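Asker: Can you keep this structure in mind? I'll have questions shortly.
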Amino acid sequence: MNDLTQLKDRIAVIGVGNTRYGNFPDTDEYGLAAQAFRNAVADCGIDKNQIDGLLVCRIPYYARMGEVLGLDPRWTLTLPPHGRMSGMGLIEAAMAIETGLATHVALMYANIGRSRRVNYGGDESPGTWDPWGMTSPGAAHAMMFQRHMGLYGTTTRQLAEVSVAVRYHACLNPDAVMRNPITIEDHESARFITAPLRLLDYCLINDGAVCIILTSAERARDFKQRPVLISGFGAQESFTQSSISNFDFDFWYPAVQAAGEQAYRMAGVGHDDVDALMCYDNFSPTVLFSLEGLGFCPRGEAGRFVEGGTLALGNRLPVNTDGGHLSNSYMQGWALNVEAVRQLRGECGARQVKDCEVVQYVQATPCTRSIIYTRG
Amino acid sequence: MTYNKPLPRIDALSKPFWDAAREHRLVVQSCPACGDRHFPPSPVCPKCLNAEQTWTECSGKATLESWVDFHRAYWDGYKDALPYRVCLVRLEEGPLLASNLVGASDDVKIGAPVHVVFDKATEEVTLPKFSLD
């Protein structure tokens, strides 16, 4: 394997944009993505015709996207509509720029699942275990959390700390979908969906789109915003038990550990340097699994680690300062990467992390990725 | 009464499993070359890529690894069955299976020994399920 440290700080995020988040039945993926693209273009002041790389995710047809935006790029990539593609896409686009296949890449993600009444289970996503009624990513996470409780004594009150901290951040974010504060008691009395998980352990399902524009760190200086550098990244898949989808017998611990170590080594930073963590939170237990895998606490101790508001702004490790998937918007990791950029630019107002210099993104999923961003 | 819960899509690969279940036998695919046992079945051995695969009858003994109680019906057929319990078991022979834990009990623990039981759904389909020892 090549030494990834050679790639440190080579690629920068120059522009970010998103739509409003909510229920938008009168548009479609192209309409949403176009709006996010306009916002990202305006954010960095690029001439849109300079964009020669196009990556689309959860958008039906890349060529229609190019037609809508009037783009004929020389590099194109489509990623499937799975909630684990943002980290993969950002790394692929960075490598396209590094190798000269593209100069300025626009990455676009759109989700119209709310208006289209997507359920994420049942006949919508057929699987091996349907005859036993086993379906949906939420149930897979419930089964993992049940195991975590059994093996380590983790409690649902500890799990509630994740949802409560992330909701607190959403309350500080004027664009977030869910803006009423919640308590541990609210979490504990919410209705079960797939016990032990309750409604407040589940992410939102909402419409919206995100666009991120990347170029080389060198060229990044030509644009409006202070660049944010991709300083480290790491990757590890876990495919060998894929029939129970969105499930991992080891809580993705080995994968998160591997991806995290690669990213830390490449960026030359450690846990204590991380000012904020953007953590894929499709379901609240994922945050606990990620904290253990990355080594913010020993294995099995994430429940105790998060007690007392550890993850809230102003405390030890602010997590998902925009409100995450649980309370801001279900943009499947893409909006968390945008939030990392905005934190490093210092644009976050009431939810700004003080002296924010290093932000880490992590997705504990069958395709585990971590990206470390720093100020350029 | 018509069975209205989801039924398996039986194909050439999975047919031996369902044929055996109908006869109250639990089988998993096994590799004649390296001995690996796996489920769901695979067109080649995931360990050694041997193309020829066979089936091995299991003891029916397993360990409970986790479970989840569904309070939401993703299929209409489950509306009257809520909440229902799905379990994860590791067979004595190695493979992990999602199934149902029959016999309601709040006194379940990870690591509990379980054994297979057979639940006839239709003339074609019998579901292997598990019960605490």
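Since every read-out is calculated from the coordinates, none of them should be taken as a lab result. Note that the structure is a prediction, hence the values are computed from the model and not measured. Note that each Cβ is placed from the backbone with ideal geometry, even for glycine, and that neighbours are counted across all protein chains shown.
Asker: Taking A:Y152, is it more than 14 Å from chain B (Cβ to nearest Cβ) and either among the aromatic types (F, W, Y) or buried (at least 19 other Cβ atoms within 10 Å of the Cβ) (or both)?
Answerer: Spelling it out, it is not the case that A:Y152 is more than 14 Å from chain B (Cβ to nearest Cβ) and either among the aromatic types (F, W, Y) or buried (at least 19 other Cβ atoms within 10 Å of the Cβ) (or both).
Asker: How many residues does the range B:73-110 hold that are more than 8 Å from every other protein chain (Cβ to nearest Cβ) and in a loop (DSSP other than H, G, I, E, B)?
Answerer: 13
Asker: Before we move on, is A:S290 touching a residue at least 40 places away in the same chain (Cβ under 8 Å) and surrounded by 24 or more Cβ atoms within 10 Å (Cβ to Cβ)?
Answerer: yes
Asker: Counting only residues that are in a strand (DSSP E or B) and either among the polar types (S, T, N, Q) or in contact (Cβ under 8 Å) with a residue 24 or more places away in the chain (or both), how many does the range A:169-197 have? Talk me through it step by step, then tell me what you get.
Answerer: Our first condition is that a residue be in a strand (DSSP E or B); within the range A:169-197, this holds for A:192-195, A:197.
With either among the polar types (S, T, N, Q) or in contact (Cβ under 8 Å) with a residue 24 or more places away in the chain (or both) added as a condition, the list becomes A:193-195, A:197.
Qualifying residue count for the region: 4.
Asker: Select, from A:V68, A:V105, A:V118, A:V56, the only residue that is touching a helix residue (DSSP H, G or I) at 6+ places or on another chain (Cβ under 6 Å) and touching a residue at least 60 places away in the same chain (Cβ under 8 Å).
Answerer: That would be A:V105, the only listed residue that is touching a helix residue (DSSP H, G or I) at 6+ places or on another chain (Cβ under 6 Å) and touching a residue at least 60 places away in the same chain (Cβ under 8 Å).
Asker: Counting only residues that are out of contact with any Phe, Trp or Tyr (no Cβ under 8 Å at 6 or more places or on another chain) and among the β-branched types (V, I, T), which one in the range A:93-136 is nearest to the other protein chains (Cβ to nearest Cβ)?
Answerer: The selected residue is A:T128.
Asker: I'm trying to understand the selection: among the residues of the range B:119-133, which are closer than 25 Å to A:G122 by Cβ and either within 13 Å of another protein chain (Cβ to nearest Cβ) or under 17 Å from the mean Cα position of the chain (by Cα) (or both)? Before the answer, list the steps.
Answerer: Taking the range B:119-133 as the starting set, the residues that turn out to be closer than 25 Å to A:G122 by Cβ are B:119-130.
Matches in the range B:119-133: B:D119, B:K120, B:A121, B:T122, B:E124, B:V125, B:T126, B:L127, B:P128, B:K129, B:F130.
Asker: May I pose another question? Considering only residues that are of a type in the set (G, A, S) and either facing chain A (nearest Cβ under 7 Å) or in contact with a strand residue (DSSP E or B) (Cβ under 9 Å, 6 or more places away or on another chain) (or both), which ones fall in the range B:43-72?
Answerer: The answer is B:S59, B:G60, B:A62, B:S66.
Asker: For A:Y21, all conditions in the list (1) among the hydroxyl-bearing types (S, T, Y); (2) surrounded by fewer than 19 Cβ atoms within 10 Å (Cβ to Cβ); (3) within 21 Å of A:L204 (Cα to Cα) hold save one; what is the number of the exception?
Answerer: (2)
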